[in-house]
Amino acid sequence: MDDTIEIAAKKQQVQWSLAKNTQFLLMITLALNCLLLILELSSWLIAFIVISVLWQSCIYFKVISQPNKLIKMLVSISGLILLALSAKGLGLLNSMVHLLVFSYLLKPLEIHAQKDFYIQVLLGIFVLVTSLVFIQSLYFMLLILLVLVTNFMLLMSAFKQTESYKTLAKQVSKTLVKSLPLALILFIGFPKIAPFWQMPSAKNAEVGLSDEVKVGDIANLALSNKLAFRVEFEQAPPNYQQMYWRTLVLEDFDGSKWYQQKKNHRSWQRQPKREEAELSLISGLSTLPTVSYQIIAEPSYQKWLFALNVMTDASSEQQKLNKNVNLTLSAEKILNSVTSYQVTSALTNQVNTPLSSEVRSRNLAVSVTNNQQLVAEGKRLRELYSDDLNLVNAVLSRFNQQNYHYTLNPPLLSNNNLAEFYFDTKAGFCEHYASSFTYLMRSAGIPARMVLGYMGGEYNERGNYFSIYQRDAHAWSEVWIKGLGWQRIDPTAAVSPERVERGFSQSLQQEQSLLSSDFLSSFNTSLWFSQLRYMLEAIDYQWTKWVVGYSINDQINVIKHIYLFFAEYKSFLATLSLLLIFLVVIFIVLRIKHKKSQHSQTALLLYQLMSLATKVGVVKNRSMTIDQFALKFIEKKPTFKLAIVRFVDGYKKLQYQALSSEEKKKELTNLKHLYQQLRQQIKHEI
Amino acid sequence: MNELVSSVIHQIEQVVIGKKTQVKLAIACIFAKGHLLIEDLPGMGKTTLAHTLASTLNLSYQRVQFTSDLLPSDVIGVSIFDTQTQSFKLHKGPIFNQLVLADEINRASPKTQSALLEAMEESRVSIDGSTYQLPEPFFVIATQNPLFHSGTYSLPESQLDRFMMRLSLGFPSIEAEKKILTNAFGAIDFRTLKAFITPEQLIEIQKQVQHIYISDAVLDYVVALLQQSRGGEYDVNPLSPRAGKALISAAKAWAFIEGRDHLLPDDIQAVFVAVCQHRLNPVFDMSLSNINDASQRIINAVDAISPSLT
């Protein structure tokens, strides 16, 4: 602390400027802080980052001098114009980030005083943590921590100009480690109040399912390795064939696209959503095996959630969950952060509920404009099979026995014509099968609907959880059969059963590696690599579960647990803390005694004077001798001159001159007297 | 006595312009019976300072210009066979003077350097088996060019340690430089300088300096400074007890010049850089802006009033 004051004082005397190594660190942190945001920045700003780093290194190496006002003005105005031009495409959050980064880049050009330097450092740290809005994984967080160290090194280098980078880094890391307990306490205890304002969502177009699907959409997803959600089962996980994560039920078809709710059906658009699913209507629910699990969903910027059939109970501590009438789950608010929720499901592939006439007619509607051939085919089948189940099986066995095959790259269909697929091309992806099957069922007079969701998941042995990626996206059908209710039918399973059994990820990977037998895919499948990947993912899972997903409710729970713990072991803890307090008191007393014995009464008097002096704003630097201290005091408070000089003279006599014990006694009483006078005077001043 | 000291300082200042602190330190070094090393670029007034000191203190004086081919016998002397008396006669070298100026000491070979330095340490020399006592008082003022200059042999740490202080004059201020440039056409005539102190007085002063009182508080401070240098935080050679002794002697001389009969921590601080820097960091490098940095940092790290607090 003393060093800081002294250096600060020195700085005020001379023209304030940054030391060489501080300048260098400033440049480095500038580049690093911006680098972590680079994925979110538009190209002109990235170009400007490069230019400004080059510019500042030119100034650093004295190739050019500091720019004048006009240049600074021109640069900032042109930057603002560019920002204004690109603001619309960027969205609110991103343009604000751009503005922040832009000002952060310009600020180093006008560091004239210590204050400016502090602003620059704080701005840098703010820029750095802004990148957490976009990426929250553990590894990224570690990277941020590393860059944070350089930021603090920058701050520290202003105070300890002569230290090497190594000692700076050491000191900063030491300080950071020391601050860890406080950070932990704040993390656990400081109320995580939701922001008073709505955080603008970071991304509008996110990879994932969407609530209107046309043929070919999921095929795009199939190559995405992005995580959708993770599941941890409380009991043994169900069979693979039962892991159909229902997400969306699409009931309206306009000839090419499936919708959750078609726009023109305003009359019953809102109401069904608000309606709670009526579980009491499902017969035989109580006899089914139940399974409970926790889902941790990655931010999808959508409202829907994932659950196994039949979802009977769901709750989340972060959000209010809606149980929709078609037995899907959705959140009250858009998922813009990691959300975890608990679900209990009764495992089944059929839901025996009565069908209202309204829903029945909705699930029988066929588009009149398109796919006439399929309608005819439906009618033909209806004539052949009177029993619904037989009809379903007939179609499935057609898929199975005829030359249908399953591919990621199906031939293009004109105008999404399902009939063309069904009769001619016979090659497609899960939506081709699901939608043509659903359509066919409707044509044959069996209520049917499309279900979108995810299928299966990748089991992580180390973390004992399943990861479900976007590539696991799947589409299947549900048909309503009298006596059985809604029955899940997966036509894709009929085409290639092994795909459903083994899961998409694996079979797709095979297909991919067949398509492009490159090095990376063989790398992907190698054993040690997958082992490593599982381990890293397991760590990331725990991080997401406990740190990123730590909500105010978790906080309340933790505090409650701590409270309960204390309540339980009340007497034990009380004795322990009493003992601790006792020890601390003994320690302090011993220290004071030690101090007193070490320092003469003279030194104690001076010590008291110095603590008084701090109150009037005179702080002693460590290296200051008594005379220098007196000079500083007089400079600040000239009215005390006489009293201070007399005290200091007395002090010097006692402390530094050879005196007999009698003289010492006399001087000491004199000094005490002088001290009292000074004290009065200072007290009066305060 | 004090007037004497201040007039000495005043006279030297007339010649070595604008370097009051360095002049005071040089005198303190002599009062403390220490040898002085002046280190700077050529043309900064090293020799002038040494010469002025000698004249002002009225000491017998000789200057030895060290070169790479200088032999030890050129410094300490040699016995030569006298054909008339049929015996060896000692030809005393320049070292048998009260004040020896060893100019550009680091240009000589290590052998010659150590001959001089041995004499400094022992205050006597041996030539051909007989030992000769050097005169009292005896001082060496050595000057040295920065190490990066060509044709220099650096003094080893153990020999640097023989010098009580290392001074660097540094560039003069603008005012002083103007003054130097206007009156320095031609060399200064050192014979015109008035001798203020007799050698006997100087010995008397040296005795008085020894008797300056050092209190426990100041002793604590010195010990704390020495300890601080040994912590390993500064990347320097730690200070030895001999350095501590030199520090106290020099500070006593400083207190004497200030007209006090006791030491204050201020005295320690005043001489600390000059006494300790060359022991902490032997390499003298003008290109580094922070030559005196390690000693300054050590001072900053120790509480001057209550050293045990740090």
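The values are calculated or read from the model by the stated rules, or taken from the named source; none is laboratory data. Every value quoted in this text rests on a predicted model; they were computed, and no experiment measured them. Please note: Cβ atoms are built from the backbone with ideal geometry, for glycine as well, and neighbour counts cover all protein chains shown. SASA here: full protein model, heavy atoms, side chains in, ligands and nucleic acids out. Shrake-Rupley method; radii C 1.70, N 1.55, O 1.52, S 1.80 Å.
Quick notes on this structure:
- Some residue of the range B:122-140 being β-branched (Val, Ile, Thr) and within 19 Å of the chain's Cα centre (by Cα): yes
- Matching helices (runs of 4 or more DSSP H) fully within the range A:541-654 where at least 2 residues are modelled with pLDDT of 80 or more, surrounded by 10 or more Cβ atoms within 10 Å (Cβ to Cβ) and within 12 Å of chain B (Cβ to nearest Cβ): A:601-615, A:626-636
- Candidates B:Ser215, B:Ser229, filtered to the one that is surrounded by 14 or more Cβ atoms within 10 Å (Cβ to Cβ), over 26 Å from B:Gly18 (Cβ atoms) and in contact with a Cys (Cβ under 8 Å, 6 or more places away or on another chain): B:Ser229
- Of all residues in the range B:241-270 being more than 14 Å from chain A (Cβ to nearest Cβ), surrounded by 18 or more Cβ atoms within 10 Å (Cβ to Cβ) and not small (Gly, Ala, Ser), the one that is farthest from B:Leu202 (Cα to Cα): B:Leu247
- Scanning the range B:223-240 for residues that are assigned to a helix (DSSP H, G or I) and away from chain A (no Cβ under 13 Å) turns up B:Val223, B:Leu226, B:Gln227, B:Ser229.
- Residues within the range A:337-366 that are in contact with a Phe, Trp or Tyr (Cβ under 6 Å, 6 or more places away or on another chain) and surrounded by fewer than 20 Cβ atoms within 10 Å (Cβ to Cβ), tallied: 1
- The residues listed here are A:Val149, A:Val133, A:Val101; of these, the one that is surrounded by 15 or more Cβ atoms within 10 Å (Cβ to Cβ), closer than 19 Å to A:Val53 by Cβ and in the same structural domain as A:Leu176 (by TED's automatic domain parsing) is A:Val101.
- One residue stands out in the range A:655-672 among those that are part of a loop (DSSP other than H, G, I, E, B) and among the polar types (S, T, N, Q): the one that is nearest to the other protein chains (Cβ to nearest Cβ), namely A:Gln657.
- The residue that is farthest from B:Phe272 (Cα to Cα), counting only those in the range A:610-665 that are in contact (Cβ under 8 Å) with a residue 24 or more places away in the chain and aromatic (Phe, Trp, Tyr), is A:Phe640.
- Screening the candidates A:Lys62, A:Lys107 for the property of being on the phi > 0 side of the Ramachandran plot, in the same structural domain as A:Phe140 (by TED's automatic domain parsing) and either of a type in the set (D, E, K, R) or in contact with a Gly (Cβ under 7 Å, 6 or more places away or on another chain) (or both) yields one hit, A:Lys62.
- Here A:Val75 clears all of (1) in contact with a Phe, Trp or Tyr (Cβ under 9 Å, 6 or more places away or on another chain); (2) open to solvent by less than 70 Å² (accessible area, probe 1.4 Å); (3) modelled with pLDDT under 85 except the condition numbered (3).
- Counted as qualifying within the range A:412-497 are the strands (runs of 3 or more DSSP E) with 2 or more residues that are open to solvent by less than 10 Å² (accessible area, probe 1.4 Å), namely A:448-455, A:465-469, A:473-481.
- Qualifying residue in the range A:217-227 (condition: in contact with a strand residue (DSSP E or B) (Cβ under 6 Å, 6 or more places away or on another chain), crowded, with 17+ Cβ neighbours inside 10 Å, outside any loop (DSSP other than H, G, I, E, B) and modelled with pLDDT under 75): yes
- Counting only helices (runs of 4 or more DSSP H) wholly contained in the range B:1-110, the ones carrying 2 or more residues that are surrounded by fewer than 18 Cβ atoms within 10 Å (Cβ to Cβ) occupy B:2-15, B:20-31.
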